[in-house]
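**Student:** There's a structure below that I have some questions on.
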Amino acid sequence: IGLPNEIGPKAEGKLGVNFDERFDGRFLTPQNVWIPSIDSGIERWNGISGADWTFENHGLSAGFADFEDGLVTIASCGGLFACPDPLLEQPGSSVPAFFSETPEHNSVIAVTLVVDDVATGGIADADIFFNPTLPISPHPRVEQIDFESVLVHELGHALGLDHNDNCVVGPTVMGAVIDAGEIKRELFRAEREGVRFLYPAGGAPAARIFDRDKTLRFDAEQGGLSPFPQTVLIFGPGGTKWERTITTPADVNADDWLRAIPEKGDFPGDGEMEISVDPSSLPPGEYRATVEVNIEGHRGQPVSIAIQLAVLAEESPGTDPPFLTEAGITNSANLRSSRLAGGSLFTIFGSSMATSVEQAASWPLSTTLGGARVLVNNEPAALLYASPTQINGQIPRGASLGPGGIVVRNGFGDSAPVSIRIDAAAPELFLVGDDDALLLNPDATVNSAANPAMSGSIVSVFLTGQGAISTPPAAGRPAPSRPRSQVISISAAEIGGQEANLHFLGPAPGYLGMAQGNVQVPAGVSGRVSIRIRIGEIWSNVGFIYVN
Ligand SMILES: [Zn+2]
């Protein structure tokens with residue numbers, strides 16, 4: 001890795017980082033599970049060098065990593081992602097090295113591909129690929145790998161740092177190895193000095209905070225309880241001091257209601273400020289103030305935190321209890337039928353259900369989201385997404401077979417119970433476009449008219465409603481990659497009306513409620529043909545696959 005003197009769009013002082021929206025969950029894992037770790041990971045490098053750049057989160061990217069865009073794209077290799085040549089098992093093959101049986105490949109957690117800028121001798125672009133076969137988590141348990149620790153390490157490569165095992169004793173962020181359950185998110189002195197060496201200081205940088213902390217809103221009732229305090233993380237170069245000031249419009253005295261503690265601190269370490277409000281002496285109304293954070297000796301713009309406090313005159317008016325009907329309960333794979341099994345992903349359409357819009361943000365999934373719960377035969381379901389008009393979640397695995405009922409509950413009451421039926425299996429293929437099955441070709445690209453599968457090749461099809469599986473994960477948890485679990489019932493597949501070899505059918509690792517079937521396309525079929533899966537005696541809906 002060459003020493004950079006220019007990197008990415010440095011003229012603007014920004015190094016963009018973006019996040020491929022298909023990363024581990026184009027369909028089911030909310031992307032925002034990963035975002036806080038990305039924001040935190042990129043902030044750890046900002047301000048270290050004192051040079052004129054900062055990492056900046058450019059949000060989600062829908063395209064494959066572009067090796068010339070100057071953006072650090074965080075992606076995965078395999079599955080829904082194209083793999084660049086250096087990450088293929090063999091030159092010219094389409095099999096990602098991450099999926100090979102070679103142990104040294106399998107244990108690679110992530111790779112950063114750096115493109116040198118020939119003209120300047122610096123780095124033109126760098127992109128990070130995570131291994132989708134490993135249990136990587138933003139909130140790791142002991143047997144999982146910490147996403148943020150690995151990301152901080154890979155961003156170090158993107159900046160031009162190599163491993164430092166041979167020159168530093170003890171665990172460091174840029175050490176080549178990390179163990180499951182190990183957290184190495186904080187930069188060590190070795191990494192700080194390394195990045196200062198590559199990017200010599202050119203001026204004192206500003207303090208920084210996460211975008212999400214730039215506006216803090218508090219809601220309170222007149223004479224009611226104080227809202228919970230909110231904590232802002234402040235980042236700046238080690239060895240400098242920060243100080244905050246509070247400004248308000250002329251007619252408001254913040255001393256009456258706003259606290260921001262402490263008033264000053266030293267980097268690194270004391271970069272945390274707690275902001276709280278006390279509405280007890282305030283008449284109803286909207287109150288605003290600004291907290292500014294400045295680094296000692298820095299002449300640029302201070303960081304600005306907008307504080308908004310709303311004091312309501314009386315209790316907010318009551319709303320209705322949830323309302324839903326049988327027609328509004330569907331499987332999540334295609335929203336076409338209400339067939340459900342234990343473990344099925346469901347989608348409920350109704351009204352007045354959740355009291356806010358909320359996506360699940362971490363494992364295990366909660367059974368309360370957006371102020372709403374879904375009770376399946378009186379048992380709460382793990383929820384992925386909740387809004388007033390739509391709730392997505394998973395039928396509890398142990399739900400008893402036969403007729404049952406769903407009730408949606410919020411703070412204003414329960415819906416009337418709505419009848420459902422739980423079957424031993426209710427396979428429902430995920431559909432895209434015009435009834436096309438969601439399918440991956442052997443090279444892990446999405447099957448389509450323009451990208452058909454060869455007859456004889458093995459494709460992956462995705463479904464929910466698979467019913468009983470071996471070694472099921474704990475409630476609200478995704479399927480682990482090891483041990484690989486399988487559908488217990490005898491199952492089969494059909495393509496173009498012909499029996500097709502079903503090599504594997506089981507939960508898709510890393511996903512919740514979704515199964516993957518690996519099916520061999522029979523010889524002699526071609527064009528746009530039907531595909532369906534049978535579990536026990538129950539056939540799935542029909543989707544379509546393109547075969548060459
Ligand atoms: Zn490395």
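The values are calculated or read from the model by the stated rules, or taken from the named source; none is laboratory data. The shown structure was predicted, so the numbers you read here are calculated from the model rather than taken from an experiment. Don't worry about glycine lacking a Cβ; one is built from the backbone with ideal geometry, like all the others, and counts go over all protein chains shown.
**Student:** Please go through region 145-159 and pick out each residue that is under 11 Å from Ile109 (Cβ atoms) and not hydroxyl-bearing (Ser, Thr, Tyr).
**Tutor:** Once the filter is applied, which keeps residues that are under 11 Å from Ile109 (Cβ atoms) and not hydroxyl-bearing (Ser, Thr, Tyr), region 145-159 yields Ile145, Asp146, Phe147, Val150, Leu151, His153, Glu154.
**Student:** Under the condition of being surrounded by fewer than 18 Cβ atoms within 10 Å (Cβ to Cβ) and modelled with pLDDT under 80, which residue from region 290-311 is nearest to the chain's Cα centre (by Cα)?
**Tutor:** Just the residues of region 290-311 that are surrounded by fewer than 18 Cβ atoms within 10 Å (Cβ to Cβ), to begin with: 290, 292, 296-301, 304, 306, 308, 310.
Pick out the ones that are also modelled with pLDDT under 80 and you get 296-301.
Working: Glu296: 36, Gly297: 38, His298: 35, Arg299: 37, Gly300: 34, Gln301: 32 Å.
The extreme case among them is Gln301.
**Student:** Further question: Can you name the residue in region 211-251 that is assigned to a loop (DSSP other than H, G, I, E, B) and buried (at least 16 other Cβ atoms within 10 Å of the Cβ) and is also modelled with the highest pLDDT among such residues? Explain how you work it out, then say what you get.
**Tutor:** Let us first name the residues in region 211-251 that are assigned to a loop (DSSP other than H, G, I, E, B), namely 214, 222-229, 236-240, 248-251.
If we keep only those that are buried (at least 16 other Cβ atoms within 10 Å of the Cβ) as well, we get 227, 236-237, 240, 248.
Values: Pro227: 85, Gly236: 70, Pro237: 65, Thr240: 75, Thr248: 81.
By that ranking, first place goes to Pro227.
**Student:** If you don't mind, another one. Looking only at residues in region 141-151 that are more than 11 Å from the ligand (Cβ to nearest atom) and not in a loop (DSSP other than H, G, I, E, B), which one is surrounded by the most Cβ atoms within 10 Å (Cβ to Cβ)? Full working, then the answer.
**Tutor:** First, pick out the residues of region 141-151 that are more than 11 Å from the ligand (Cβ to nearest atom): 141-149, 151.
Imposing the further condition that a residue be not in a loop (DSSP other than H, G, I, E, B) reduces the set to 145-149, 151.
Working: Ile145: 20, Asp146: 23, Phe147: 24, Glu148: 22, Ser149: 21, Leu151: 26.
Taking the candidates together, the pick is Leu151.
**Student:** Okay, moving on. I need the full set of residues from region 252-283 which are farther than 17 Å from Ile307 by Cα and modelled with pLDDT under 80, in order please.
**Tutor:** Phe267, Pro268, Gly269, Asp270
**Student:** What is the residue count in region 501-539 for residues that are part of a loop (DSSP other than H, G, I, E, B), touching a Gly at 6+ places or on another chain (Cβ under 8 Å) and either buried (at least 20 other Cβ atoms within 10 Å of the Cβ) or among the aromatic types (Phe, Trp, Tyr) (or both)?
**Tutor:** Count: 5.
**Student:** Run Glu154 past the list (1) within 11 Å of the ligand (Cβ to nearest atom); (2) in a loop (DSSP other than H, G, I, E, B); (3) crowded, with 18+ Cβ neighbours inside 10 Å and report the number of the one that doesn't hold.
**Tutor:** Among (1) within 11 Å of the ligand (Cβ to nearest atom); (2) in a loop (DSSP other than H, G, I, E, B); (3) crowded, with 18+ Cβ neighbours inside 10 Å, the lone unmet condition for Glu154 is (2).
**Student:** Name the residue, out of Leu187, Leu134, that is under 26 Å from the mean Cα position of the chain (by Cα), within 15 Å of the ligand (Cβ to nearest atom) and under 18 Å from Phe55 (Cβ atoms). Spell out how you get there, then give the answer.
**Tutor:** On the way: Leu134 fails: under 18 Å from Phe55 (Cβ atoms).
On inspection, the qualifying residue turns out to be Leu187.
**Student:** When both residues are 6+ apart or on different chains and their Cβ atoms are under 6 Å apart, which pairs have a first residue that lies in region 139-167 and is aromatic (Phe, Trp, Tyr), and a second that is in a loop (DSSP other than H, G, I, E, B) and more than 9 Å from the ligand (Cβ to nearest atom)?
**Tutor:** Phe147/Pro138
To keep it simple, each residue is scored yes or no on (1) without any contact (Cβ under 8 Å) to a residue 40 or more places away in the chain; (2) of a type in the set (Ser, Thr, Tyr); (3) not in a loop (DSSP other than H, G, I, E, B).
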{"position": "Leu309", "(1), (2), (3)": "no, no, yes"}
{"position": "Leu324", "(1), (2), (3)": "no, no, yes"}
{"position": "Ala333", "(1), (2), (3)": "no, no, no"}
{"position": "Ser356", "(1), (2), (3)": "yes, yes, no"}
{"position": "Pro364", "(1), (2), (3)": "no, no, no"}
{"position": "Gly404", "(1), (2), (3)": "yes, no, yes"}
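**Student:** When the residues of region 157-184 are filtered to those that are more than 11 Å from the ligand (Cβ to nearest atom), among the hydrophobic types (A, V, I, L, M, F, W, C) and over 22 Å from Val17 (Cβ atoms), which remaining residue is surrounded by the fewest Cβ atoms within 10 Å (Cβ to Cβ)?
**Tutor:** Val169
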